[in-house]
Amino acid sequence: MTRAPVAFIFFKRLGTARDVFARIRAAQPSRLYLIADGWRNEAERVKCEAVRAYVENAIDWPCELNKNYSDANLGCKNRIASGISWVFEQEEEAIILEDDCVPDPTFFRFCDELLERYRTEPRVMQITGGFIQHNNPRFNAEEKSYYFSQFAEISGFATWRRAWKLFDVNLTEWPKARAERILYRHLDEPRVANYWEHLFDTVYNARDDRKKSDVWAAQWVFALLYHNGLSIMPTS
């Protein structure tokens, strides 16, 4: 049984939601948080309600169930950001999965152990299940099971309330960070800093326009870079 509470974020994709929830069901967390966005039209309503019904009916183990279902369509940015914030109003730490991120069965134990180990280490802000070094010939973890990165990865992750408090969906601190060239001070390669500077400019300038930007992950990456935080990533 997974010790940490699990938050599951879904919308209208029954097939992928079923695959992810099968792994959650096998892990049997004692506290489960369900977060769902609302629909934009009648066709989406049918799909959204089908996913909600499936997930709730698939809970066949004893757990504390908490639901946060939106009646209106908030969009990716605001639904995920507000949903995770709602979880951390009640929990000090949590594992977070979206409906398109099927975790390896070992993911839950990996998060449980590292959430406890780094609970009071403020620079460590995230634990992720995603391995992103497949095509990097320079990567060498020296047989370790995880390493530290400056970048957030949200394809299945865990974090603490203390870290999520540093997240700002509106990137309020970006103009100040840009003026102070924070990225160029924290990142070794100028081309990488250039990439993220352009992306944060785009997200910041479109923060009030869902048609131009409806993302939340870039803001989470910014939180780590701005606060010189670290993400734990598996080596395989």
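Just so it is clear, none of the values below were taken in a lab; they were calculated from the coordinates. The structure presented is a predicted model; accordingly, all values stated were derived computationally and were not measured. For neighbour counting, all protein chains shown are included, and Cβ atoms are generated from backbone atoms with ideal geometry for every residue, glycine included.
Things worth noting here:
- Cα gyration tensor category, rounded, prolate or oblate, for region 51-190 with a/c compared to 1.5: oblate
- At most 15 other Cβ within 10 Å, DSSP loop - trypsin sites (Lys or Arg not before Pro), region 163-236: Lys165, Arg181, Arg210, Lys211, Lys212
- Counting lysine pairs in the chain whose alpha carbons fall under 25 angstrom apart, excluding pairs fewer than 8 residues apart on the same chain, gives 16.
- Computed extension gain for Arg45 through Ser82, at 0.36 nm per residue and net of the alpha carbon distance, reaches 11.3 nm.
- Diffusion constant of region 9-81 at 37 °C, which comes from Stokes-Einstein with the Kirkwood Cα-pair radius and 0.692 mPa s, µm²/s: 260
- Under 5 Å from the amide H of Glu93 lie the amide H atoms of Arg161, each residue being 5 or more positions distant or on a separate chain, with H modelled from the backbone and absent for Pro and chain starts.
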